[in-house]
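As structure tokens, the structure follows; a few thoughts come after it.
The values are calculated or read from the model by the stated rules, or taken from the named source; none is laboratory data. Everything numeric here is computed off the predicted structure, so don't read it as measured data. Reconstructed Cβ throughout: ideal geometry from the backbone, glycine too, with neighbour counts over all protein chains shown.
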Protein chains: 2
Amino acid sequence: MPVVSHEPGQEADVVIAGGGVIGTAIGWRAALRGLSVIVADPGWGDAATNVAAGMLAPLSESVFGEQDLLALNLLAASRFPGFAAELERATGLSVGLRTEGTLSVAFDRADNDRLKRLTAFRREAGLEARELDARACRAAEPFLAPSVHGGVLAIGDLSVDNRRYAAALHAAAVAAGVRFLSGRVTAVARRTPGGYAARLAGPGDREGELIGGRAVVLAAGWRTGQIAGIPGYLATAFRPVKGQLLRLRHPEGLPAVLTHTIRAIVTGRDVYLVPRADGEVVVGATQDERDDLDVTAGAVHDLLHDAMSVLPAVSELTLAEARAGLRPGSADNGPVVGWAERSLPAPGQPPSGLLVAAGHFRNGIMLSPVTADAVTSLLTGDQPAADWKPFTPERLQTPQATPYQGSPS
Amino acid sequence: MPVVSHEPGQEADVVIAGGGVIGTAIGWRAALRGLSVIVADPGWGDAATNVAAGMLAPLSESVFGEQDLLALNLLAASRFPGFAAELERATGLSVGLRTEGTLSVAFDRADNDRLKRLTAFRREAGLEARELDARACRAAEPFLAPSVHGGVLAIGDLSVDNRRYAAALHAAAVAAGVRFLSGRVTAVARRTPGGYAARLAGPGDREGELIGGRAVVLAAGWRTGQIAGIPGYLATAFRPVKGQLLRLRHPEGLPAVLTHTIRAIVTGRDVYLVPRADGEVVVGATQDERDDLDVTAGAVHDLLHDAMSVLPAVSELTLAEARAGLRPGSADNGPVVGWAERSLPAPGQPPSGLLVAAGHFRNGIMLSPVTADAVTSLLTGDQPAADWKPFTPERLQTPQATPYQGSPS
């Protein structure tokens, strides 16, 4: 890591690179603990935050072989309602939390076999799920396709409106004194005599500005590895995973075509439909190892096809938006949260250093409260929850990692 | 018709209600003949002009039982290139005329039977078409689906970029002195001592303004019948026919996936793909007797599904726009062009009265040059082409007509 002695223009206890839900939640909680905070974000529009379904369903989402992540996700989901309630009290804004639960259904026999295997595994992990026959399914969701012969209702699953949630976080952070700067953190460096500096590239006179802080938090999603001056193993730790999703709306006069989050397996493909309080229905999501934001005809077709296969009335909804975002995938698809570099604090002083909070992949919304808790603990000299232990940056220090090279052509 | 003696604020020889391709083409040609012209349009955004594929293919579009319309469409298609060339010379703008022709293909055996029957009919009507086997189809369009076993190539078919064409018409009209007003013609009335007046509802101080002219041309698409003061049978003559279409684009690096206009019958449904010079591909179109502009999930799905069925590479294109427009359908689906009311001119004077130029349904772009020719002839005391004879307003004077009541709920 380079060392600079240049005196920066702006100072804060904590400088956060990235203003998605992760960076903003950290900023809000750190400010509530009395720290001064600057959040810098370039507003590139590819933030995964804005292209999310907002499902908070750790067990309905869990798959074989991710025990540590499941434990963390369970902690995250249990933390979410209290965090959201505090956020709503602080701002007076609704985040659109829904509590109807998830109805998982299968389209054909093979899909049903896979759903049964997954349900058995999820129950062992603690999922409270009720198996529904065709009649019970239709009682829960009257518009389901006749081909749906049964399903699994997960009662505790929640969902949140990702955009309302992000807007409330931003409002709370601003109210708590967080300063937001429009610009991209291009580099970080240790300063003499103490602390860290982040270099900002941004519009107009912000070009090249240095911002100083006792700690710098790297929360720039899949672009986190592009920041110069970070440890080499972090430069290779993140990759973009493109996702496309649709926002549909109920036209005037059409009753709600669904009330639960519906997850479906349709001839081997996963699709979900998440209803919002305001009549919006989110349909997602594709997953491709690419870094473009193109909305492709094939993805839109497949999402609509699969959604209409389980809920034909979706054809009557209007297409309000089709959008792509880039999820921050890590080398092992788990989040990366902890000290990347730490200066020994003077006696009685809080720790100083470089923190990372990235790689949240498909779970950024759900993990944002516990990530904010963990990073705030680290910033104030406390220990984060034990569930974070498997997700510190050190695990990524392997010699064979190679940097992300862009999408295959 | 009411009679007013109020002195209007603005005067022109010709007042045109409606600034789509029909009204604008008439305005341009009338101005070239030395007439002063005002075109009034509310800019509602539901103009069929903006939601069109721009196919100029009278025979590839023809179906059984529309002989008079076919003759008119053939006249229109033969007139188009010369009109477009004059328009491009006048403005320096390209209208994106393409001459590669139409390749009609069938998806399955039943579709192929229908295509063969239609082709036999179209050949009798004069279509110059070459039947292509699978190999020749793929030579013409290498990305066709393997399931396409043959097709019919119509060599003379053209297409035009509807938006470039509309923009060029507008530029030519302005250059020729046509005045464009932003507002809706809500009523027309005969004036004393002579001529006609149109009442304008529009933003700000244009509310209620009267515009006077020797002739008023009703070219307001499906809303033409909503103008007060017109003969009663015209109030019931037009209805909106909703169409949805998609605009796709080639992402960077992808070669053109088609060069001809492709028309396909896919399990009984018609779909077309029209390539543009700039890499855009228009996919259309649905047809529903509705008056809303909702873009529905079902329509987007079906258009993508059918397009990808014949040209799988469409899945790689990006979805740039999905949009609905309202075609102006008439009681018999033919255009309605001619005098609706005519005052006897003084000796040596040009005729005065109320003209209608609406109901062009699916063929507004193609018919706009010959419609402009016909209306300009009528305005200057000449006879329009004989092919217009079956399409005068009088044919609609039937007692049983009922006004359009809105979409079924």
Flagged pairs (Cβ under 6 angstrom, 6 or more apart or on separate chains; first in region B:87-109, closer than 10 Å to B:Asp157 by Cβ; second crowded, with 17+ Cβ neighbours inside 10 Å and of a type in the set (Lys, Arg)) are B:Thr102/B:Arg263; B:Ser104/B:Arg263
Being assigned to a helix (DSSP H, G or I), of a type outside the set (Ser, Thr, Tyr) and buried (at least 24 other Cβ atoms within 10 Å of the Cβ) is the filter here, so list the residues in region B:212-224 that pass it. B:Gly221, B:Trp222
Cβ contacts < 7 Å: first residue under 20 Å from B:Arg163 (Cα atoms), restricted to region B:52-64; second residue in a loop (DSSP other than H, G, I, E, B) and among the β-branched types (Val, Ile, Thr), any location; separation 6+ or different chain. Result? B:Gly54/B:Val160; B:Leu56/B:Val160
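Those residues that are within 7 Å of chain A (Cβ to nearest Cβ) and crowded, with 20+ Cβ neighbours inside 10 Å, I need them from region B:299-315; list them, please.
Result: B:Val300, B:His301, B:Leu304, B:Met308, B:Val314.
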So if I check each of B:Ala386, B:Ala374, which one is without any contact (Cβ under 8 Å) to a residue 12 or more places away in the chain and more than 15 Å from the chain's Cα centre (by Cα)? B:Ala386
Quick check on region B:361-377. Is at least one of its residues in a loop (DSSP other than H, G, I, E, B) and not β-branched (Val, Ile, Thr)? no
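This table checks each residue for (1) modelled with pLDDT of 85 or more; (2) in a helix (DSSP H, G or I); (3) over 22 Å from B:Ala307 (Cβ atoms).
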residue	(1), (2), (3)
B:Leu74	yes, yes, yes
B:Glu88	yes, yes, yes
B:Arg114	yes, yes, no
B:Gly126	no, no, yes
Going residue by residue through region A:282-298, is there one that turns out to be modelled with pLDDT of 95 or more, closer than 30 Å to A:Gly82 by Cβ and of a type outside the set (Phe, Trp, Tyr)? yes
So, of the residues in region A:251-293 that are crowded, with 18+ Cβ neighbours inside 10 Å and over 22 Å from A:Asn363 (Cα atoms), which turns out to be nearest to the other protein chains (Cβ to nearest Cβ)? A:Val257
I need the full set of residues from region B:110-139 which are of a type in the set (A, V, I, L, M) and in contact with a strand residue (DSSP E or B) (Cβ under 9 Å, 6 or more places away or on another chain), in order please. B:Ala110, B:Leu115, B:Leu118, B:Leu127, B:Ala129, B:Leu132, B:Ala134, B:Ala136, B:Ala139
From (1) within 30 Å of A:Val174 (Cα to Cα); (2) out of contact with any Pro (no Cβ under 9 Å at 6 or more places or on another chain); (3) surrounded by 15 or more Cβ atoms within 10 Å (Cβ to Cβ), pick out the condition that doesn't hold for A:Leu97. (2)
For B:Arg199, state whether it is more than 14 Å from every other protein chain (Cβ to nearest Cβ), under 30 Å from B:Ala340 (Cβ atoms), surrounded by fewer than 24 Cβ atoms within 10 Å (Cβ to Cβ) and basic (Lys, Arg). yes
Tell me which residues, restricted to region B:60-70, are farther than 16 Å from B:Arg114 by Cβ and under 18 Å from the mean Cα position of the chain (by Cα). B:Glu66, B:Asp68, B:Leu69, B:Leu70
Positions within region B:337-383 being over 17 Å from B:Thr49 (Cα atoms), β-branched (Val, Ile, Thr) and in contact with a helix residue (DSSP H, G or I) (Cβ under 8 Å, 6 or more places away or on another chain), in sequence order: B:Val337, B:Val356, B:Val375, B:Thr376
Need the failing condition index for A:Ala48 against (1) crowded, with 24+ Cβ neighbours inside 10 Å; (2) without any contact (Cβ under 8 Å) to a residue 60 or more places away in the chain, just the number. (2)
Residues in region A:379-395: is at least one in contact with a strand residue (DSSP E or B) (Cβ under 6 Å, 6 or more places away or on another chain), in a loop (DSSP other than H, G, I, E, B) and either modelled with pLDDT under 95 or away from chain B (no Cβ under 14 Å) (or both)? yes
Out of the residues in region A:340-358 that are in contact with an Asp or Glu (Cβ under 9 Å, 6 or more places away or on another chain) and surrounded by fewer than 21 Cβ atoms within 10 Å (Cβ to Cβ), state the one that is nearest to the other protein chains (Cβ to nearest Cβ). A:Gly353
What number of residues within region A:132-163 are surrounded by fewer than 24 Cβ atoms within 10 Å (Cβ to Cβ), under 25 Å from A:Glu316 (Cβ atoms) and in contact with a Gly (Cβ under 7 Å, 6 or more places away or on another chain)? 4
Please determine whether any residue of region A:320-334 is crowded, with 20+ Cβ neighbours inside 10 Å, within 28 Å of B:His250 (Cα to Cα), within 8 Å of another protein chain (Cβ to nearest Cβ) and touching a strand residue (DSSP E or B) at 6+ places or on another chain (Cβ under 9 Å). yes
Within region A:336-357, residues touching a Phe, Trp or Tyr at 6+ places or on another chain (Cβ under 6 Å) and either free of Cβ contacts under 8 Å to residues at least 60 places away in the same chain or under 30 Å from A:Asp157 (Cβ atoms) (or both) come out as A:Val337
For the structure I just gave you, tell me whether A:Leu158 is touching a strand residue (DSSP E or B) at 6+ places or on another chain (Cβ under 8 Å) and over 23 Å from A:Pro393 (Cα atoms). yes
Name the residue, out of A:Gly194, A:Gly213, A:Gly151, that is of a type outside the set (S, T, N, Q) and in contact with a Cys (Cβ under 6 Å, 6 or more places away or on another chain). A:Gly151
Residue under question is A:Arg290, and the condition is that it be within 16 Å of A:Val160 (Cα to Cα) and under 22 Å from the mean Cα position of the chain (by Cα); does it hold? no
Flagged in region B:216-236 as among the aliphatic types (A, V, I, L, M) and over 17 Å from the mean Cα position of the chain (by Cα), in numbering order, are B:Val216, B:Ile227, B:Ala228, B:Ile230, B:Leu234, B:Ala235
